[in-house]
Amino acid sequence: MKTVVVVGNGMVGYKFCEKFVAKASKEAFKLIVFGEEPRPAYDRVHLSEFFQNQDAKALEMAPREWYAEHGIELITNARVSDIHRNSKTITTTADATYTYDYLVLATGSLPFVPPIEGVEKEGVFVYRTIEDLEHMMAYANKLKAVNPDAKAAVLGGGLLGLEAAKAVMDMGLEPHVVEFAQKLMPRQLDIRSSKVLQVKLESLGINIHLNKATNQILGDTAITGMEFGEDDTLDVDMLVISAGIRPRDDLGKTCGLDMGVRGGITVNNKMQTSDPEIYAIGEVALYNHMIYGLVAPGYEMAEVAVSQILGETEVLMSEDIDMSTKLKLIGVDVASFGEPFMPVEKGHSILFENKTKYLYKRINVSHDGKTLLGGILVGDASDYNILHQMYLNGIPLPENAEDLILGTRADGGSVFGSAMDLPDTAQICSCESVSKGAICEVVKSGECNSVNDVISCTKAGTGCGGCKPMVSDLVNETLKSLGKVVKETICEHFEYTRQELFGIIKVKKLQTFNEVLDACGAGDGCETCKPLVASIFASLYNDTANKEDVIQDSNDKFLANIQRNGTYSVVPRIPGGEITPQKLMVLGQVGEKYNLYTKITGGQRIDLFGAQLNDLPAIWKDLIDAGFESGHAYGKSLRTVKSCVGSTWCRYGMDESVSFAIDLENRYKGLRSPHKIKGGVSGCIRECAEARGKDFGVIAVEGGWNLYVCGNGGATPKHAVLLAEQIDNETCIKYLDRFLMYYIRTAAPLMRTAAWLEKLEGGIEQLKAIVIDDSLNLAEELEHDMQGLVDAYECEWKQVIEREELQSRFKHFINSEDRDDNIVFVPMRDQIMPEPWSTN
Amino acid sequence: MDTILTGLQPAFQPDHVKVWFKAAKVSDFPKNGGACVKYKNKQVAVYYFERKDQWYACQNACPHKLEMVLSRGMIGDDKGIPKIACPMHKKTFSLVTGENLNGDLDAISIYPVKIEDNFVYIGFSE
Ligand code: SRM
Ligand SMILES: Cc1cc2nc3c(=O)[nH]c(=O)nc-3n(C[C@H](O)[C@H](O)[C@H](O)COP(=O)(O)OP(=O)(O)OC[C@H]3O[C@@H](n4cnc5c(N)ncnc54)[C@H](O)[C@@H]3O)c2cc1C
Ligand code: SF4
Ligand code: FES
């Protein structure tokens, strides 16, 4: 049995193990892996996600048990300190000695810390490991506790620096990026695109300082600022250094392997170092005089080293390494591929720039206009994948190459054709080197039948994830070509999409869930299809949730949101956030009478929590008697239309945003939809109502309202996009009717407007055509249907308190007036809260 | 009406029933939904599947967070197995075996149900 010792258990070291065990027989080889970090290898590329969830396990490439299961001895918390080439042994800092037949160095790199005076000060960090992030977070929390306006700078405006800037911003610190060069991402962007990116980042609240050479870090023990030149300083309370990487090559140096002049262990195209029994892969390896700071080349190196050790000597490292990159996470699209900058002797550039929309696109094409050599995308990188593929595969360009960045201006058809047009050799997932051929093959062979199958079987999309849309296109197209229908059906009870079921129910005028099951379903239904059918009924007939309460989602069934301890919340509608002092007092009285925890919500209204099921009708009776209505805080329906104070009071207001918000909220209240809908109306572009963070947003401008659609906050925030400009109230309502009704008819279940627009073929332009130009000849029908729903509105809580037979469900027991005696409240800041759950 | 026995947990055969508790009239229960019955200090969720004319009963506490809420959940079937989805986080449980169908929570207790003279009875072993 031969022993392979791997030094370093990072991304590439892990990938080596994974590829090795997939090929080698357990009996012939023993794999021993040393990792200096306390935990098994994790996904450094997605390191920043740690800030959101602090879940180190979620980042693991494979759990510790995986190594054991595959017969790999993983020794973490252990640093290899010496290589003895004569005896073919290594020793660790704990003085343990191990013998190897082959040695693989995958020690990665360290962040480069420039020798600036004061870098050792407290509050200066690097950004590479989970521990680095933990320390940063602890420090940031300490800072914020004493100073809510604390600032943090990132030294270095490269790919990683910008990611770090976003991270410190998310930590609640004021972010600053300090870059030595005259542009951001100097290796990927040209000056113009850097400028566009800069404007965009500044609009997000990230401060950019270019052309700054840092001389000194100021402060006694902890950092208080940075000094660039005389009288040129920046006050900051924390600093993250992201100024490049240095290969961790000391092991190679001390045992006399060939090294690069500026570091890195030299390897040939077999990944062998100058000692043929020692291999180096990943960020420590110097190949073609270069260190490649990306995972994709590292993974290829792992593949090559595995093959070479196992005797597949024909597998060699590619000559050209693709350095195309796409920035992730920061909330702005940036990508660059191939040759981003173009020497004139090679070809020409085609440029498009629109700073007001933060857009910049550049492609570089050969002199004969036939091949794509590279390019840069800022602001909209949605075509990155396909452009990147065209570049990699030398796919001939369309006649008007500019269409690639401007879109066709002729009617019909996309410029790109389909992913299916790519050659089989096209590498779709560069992290895992999965070709188009491989993806289509597993589908054709019947091995895989869905995108998820393909991802788990080929590993495509499991690296940076950038290729996922393409993988899914390929899988779906291949399935289609095999005559297999690809349909996102609702569940096992209905073989239809929501849109199809909507059509069936509408045409057949079905009225109850049983009728729908009888007409086109199977079984008893479930928690997926029942609420969906309820939502379709509501959209067609505006039935309230009282009509068939057993098919409503739990919150709709009880017309209230269930809380941690099984009690409910009560949210009356306060249209536009406007409320009379009188009504405000009623809310206070009701809260006091029923001992409800009272809070002002993020939607400009008041939430009363902790109501027991048995009390809900009585509480609502009090509220309705005082003129309130249900706020539908529990429904997939219109929530609130948020407003700012507008021209009635505000010195900047251009129009009466409150009046219009109230009109809109009252028009669409109770409107059930695939997901919740929120609106906002701002009186001017200062946008105090955050209208562009809503499913529909209206902003007063000179000459009318601008109407924006398809934005949201929540888990995946999106700004709404402009649908129409300078329109009057009436037109705005007309467009909104059409837009909302079209969304309600065509969206998938639980799909908010932003995700829906993303899926809508033709995007916002198509939506404009439908809503404004009536390209589908549907406008009248949509308006008519909406008016029908508006006219059919009834407050569902009013129905309940007026009709006794609807009240029976608001009892905890069917055979007793008792309440649930398991409910326990504990005091909190003069109010109550549920007793916390003992488990999580 | 004849006795309809459904929802038998293997460990709890109807012959072990010592007490048939007369819970409420059939017409008090919602069709295709659930309601909670109080028996001594127990809370039992009872469901009526109208399409198949079948009744099931289980504990009202969801093993996930131990809140007394299962009776307020939504019923349905998973490949023919009648199930209940908890209203809190939609964990689903078989109403035949009590097993957690979409996770690895503990199984819930199931109780036998019979209908006599338009009354719903639930069987207890004590
Ligand atoms: C009460 C409130 C928080 C607060 O104390 O301020 C709240 C509370 C809840 N939100 Fe929210 N959200 C509240 C404002 C918001 C906002 C802010 C806003 O509306 O301006 C957002 C982000 C904006 C947006 O939606 O685009 C927000 C994004 C969410 C999301 C994420 C939606 C998404 O698309 O990612 C959920 C989860 C969901 O709907 O699936 C959610 C779900 C919930 C639920 C319903 C969770 C649940 O199922 O129990 C909470 C119910 C509380 C209750 O019982 O009433 N809440 N929630 C706010 C009620 C506003 C209102 O008056 O109706
Ligand atoms: C925040 C961040 C974002 C990134 N984003 C991207 C991206 O979007 N796309 C992309 O392609 N790349 C990205 N990268 C780069 C990518 O993470 C690296 O290219 C990749 O991790 C390199 O893998 P490696 O195994 O060579 O090195 P590492 O992952 O650094 O692993 C080396 C391991 O070896 C250990 N080690 C070192 N010396 C010894 C020793 N003597 N004994 C024992 N163990 C030792 C180290 O502790 C370390 O765990 C990002 C990096 C960071 C930090
Ligand atoms: S942010 Fe999360 S925890 Fe807070 S109210 Fe909304 S859903 Fe609940
Ligand atoms: S409490 Fe029942 S699923 Fe969470």
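Here are a few things to note about the model shown:
- Among residues of segment A:58-79 that are touching a residue at least 40 places away in the same chain (Cβ under 8 Å), those with a beta-carbon under 8 Å from a residue that is aromatic (Phe, Trp, Tyr) and more than 11 Å from ligand 2 (Cβ to nearest atom) at least six positions away or on a different chain give the pairs A:GLU73/A:TYR67; A:LEU74/A:TYR67.
- Scope segment B:77-114; condition within 16 Å of ligand 1 (Cβ to nearest atom) and either more than 17 Å from B:ALA45 (Cα to Cα) or in a loop (DSSP other than H, G, I, E, B) (or both); matching residues: B:CYS86, B:PRO87, B:MET88, B:HIS89, B:LYS90, B:LYS91
- Contact annotation: residue pairs with Cβ atoms under 8 Å, 6 or more positions apart or on different chains, pairing a residue in segment A:466-478 that is in contact (Cβ under 8 Å) with a residue 40 or more places away in the chain with a partner that is assigned to a helix (DSSP H, G or I) and of a type in the set (Gly, Ala, Ser), are A:MET470/A:ALA419; A:ASP473/A:ALA419; A:LEU474/A:ALA419; A:GLU477/A:ALA419.
- Positions within segment A:796-822 being closer than 23 Å to B:ASN41 by Cβ, surrounded by 15 or more Cβ atoms within 10 Å (Cβ to Cβ) and more than 8 Å from chain B (Cβ to nearest Cβ), in sequence order: A:PHE810, A:LYS811
- Residues that are in contact (Cβ under 8 Å) with a residue 40 or more places away in the chain and either within 11 Å of ligand 2 (Cβ to nearest atom) or among the hydroxyl-bearing types (Ser, Thr, Tyr) (or both), drawn from segment A:82-103: A:ASP82, A:ILE83, A:ILE90, A:THR92, A:TYR98, A:THR99, A:TYR100, A:TYR102
- Restricting segment B:64-77 to residues that are over 13 Å from the mean Cα position of the chain (by Cα) and at the interface with another protein chain (Cβ under 7 Å from one of its Cβ atoms) leaves a set whose member that is nearest to ligand 2 (Cβ to nearest atom) is B:LYS65.
- Strands (runs of 3 or more DSSP E) fully within segment B:1-65 counting 2 or more residues that are polar (S, T, N, Q) and at pLDDT 90 or above: B:54-59
- Residue ranges of strands (runs of 3 or more DSSP E) in segment A:653-735 with at least 1 members free of Cβ contacts under 8 Å to residues at least 40 places away in the same chain, aromatic (Phe, Trp, Tyr) and away from ligand 2 (no atom under 16 Å from the Cβ): A:704-709
- Test for B:LYS83: is it more than 7 Å from chain A (Cβ to nearest Cβ) and not hydrophobic (A, V, I, L, M, F, W, C): yes
Yes/no per residue for (1) within 16 Å of ligand 1 (Cβ to nearest atom); (2) part of a helix (DSSP H, G or I); (3) touching a helix residue (DSSP H, G or I) at 6+ places or on another chain (Cβ under 6 Å); (4) open to solvent by 40 Å² or more (accessible area, probe 1.4 Å):
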{"site": "A:LEU110", "(1), (2), (3), (4)": "no, no, no, yes"}
{"site": "A:HIS135", "(1), (2), (3), (4)": "no, yes, no, yes"}
{"site": "A:LEU143", "(1), (2), (3), (4)": "no, yes, no, no"}
{"site": "A:PRO148", "(1), (2), (3), (4)": "no, no, no, yes"}
{"site": "A:ALA152", "(1), (2), (3), (4)": "no, no, yes, no"}
{"site": "A:ALA164", "(1), (2), (3), (4)": "no, yes, no, no"}
{"site": "A:ALA167", "(1), (2), (3), (4)": "no, yes, yes, no"}
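- Taking strands (runs of 3 or more DSSP E) as the structural unit, those lying wholly within segment A:328-367 and holding at least 2 residues that are open to solvent by 40 Å² or more (accessible area, probe 1.4 Å) correspond to A:347-354.
- Residue pairs meeting the criteria (Cβ under 6 Å; at least 6 apart or on separate chains; first modelled with pLDDT under 80, in segment A:412-429; second open to solvent by less than 30 Å² (accessible area, probe 1.4 Å)): A:VAL415/A:ASP403; A:VAL415/A:LEU404; A:PHE416/A:ILE386; A:ALA419/A:MET470; A:ALA419/A:LEU474
- Qualifying position, being open to solvent by 40 Å² or more (accessible area, probe 1.4 Å) and either aromatic (Phe, Trp, Tyr) or assigned to a loop (DSSP other than H, G, I, E, B) (or both), among A:ALA58, A:ALA94, A:ALA68: A:ALA94
- Meets criteria (of a type in the set (A, V, I, L, M, F, W, C), under 29 Å from the mean Cα position of the chain (by Cα), open to solvent by less than 10 Å² (accessible area, probe 1.4 Å) and over 27 Å from B:THR92 (Cβ atoms)) for A:VAL471: yes
For (1) crowded, with 22+ Cβ neighbours inside 10 Å; (2) within 14 Å of another protein chain (Cβ to nearest Cβ), each residue gets a yes or a no:
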residue: A:ASN542; (1), (2): no, no
residue: A:ASN546; (1), (2): no, yes
residue: A:SER554; (1), (2): no, yes
residue: A:LYS557; (1), (2): yes, yes
residue: A:ALA560; (1), (2): yes, yes
residue: A:TYR568; (1), (2): yes, yes
residue: A:GLU578; (1), (2): no, no
residue: A:PRO581; (1), (2): no, no
residue: A:LEU584; (1), (2): no, no
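- Candidate set: segment A:256-296, residues that are assigned to a loop (DSSP other than H, G, I, E, B) and of a type in the set (A, V, I, L, M); chosen: the one most open to solvent (accessible area, probe 1.4 Å): A:VAL261
- Looking across A:ASN77, A:ASN86, one residue alone is open to solvent by 30 Å² or more (accessible area, probe 1.4 Å) and on the phi > 0 side of the Ramachandran plot. It is A:ASN77.
- Yes/no for A:GLU761 being open to solvent by 50 Å² or more (accessible area, probe 1.4 Å) and part of a helix (DSSP H, G or I): no
- Test result for A:GLY653, closer than 19 Å to A:GLY703 by Cα and open to solvent by 10 Å² or more (accessible area, probe 1.4 Å): yes
- Any chance A:VAL146 is in contact (Cβ under 8 Å) with a residue 40 or more places away in the chain and β-branched (Val, Ile, Thr): no
- Identity of the residue in segment A:29-55, farther than 18 Å from A:GLU18 by Cβ and touching an Asp or Glu at 6+ places or on another chain (Cβ under 7 Å), that ends up surrounded by the most Cβ atoms within 10 Å (Cβ to Cβ): A:SER48
- Test: residue in segment A:204-212 that is at pLDDT below 95, more than 19 Å from A:VAL378 (Cβ to Cβ) and buried (at least 18 other Cβ atoms within 10 Å of the Cβ): yes
- Of all residues in segment A:683-704 being over 30 Å from the mean Cα position of the chain (by Cα) and of a type outside the set (A, V, I, L, M, F, W, C), the one that is surrounded by the most Cβ atoms within 10 Å (Cβ to Cβ): A:GLY683
- Restricting segment B:14-63 to residues that are over 18 Å from B:ASN118 (Cα atoms) and open to solvent by 70 Å² or more (accessible area, probe 1.4 Å) leaves a set whose member that is farthest from the other protein chains (Cβ to nearest Cβ) is B:ASP15.
- Matching option when the condition is over 27 Å from A:ASN666 (Cβ atoms), assigned by TED's automatic domain parsing to the domain that holds A:LYS678 and part of a loop (DSSP other than H, G, I, E, B), among A:SER775, A:SER816: A:SER775
- Of the residues making up segment A:586-600, those that are within 16 Å of A:ASP625 (Cβ to Cβ) and either within 41 Å of the chain's Cα centre (by Cα) or open to solvent by less than 60 Å² (accessible area, probe 1.4 Å) (or both) number 6.
The values are calculated or read from the model by the stated rules, or taken from the named source; none is laboratory data. Computed from a predicted structure; not experimentally measured. No Cβ is skipped: glycine too gets one built from the backbone with ideal geometry, and neighbour counts run over all protein chains shown. Keep in mind that these areas ignore ligands, DNA and RNA; they rest on the heavy atoms of the full protein, side chains included. Shrake-Rupley method; radii C 1.70, N 1.55, O 1.52, S 1.80 Å.
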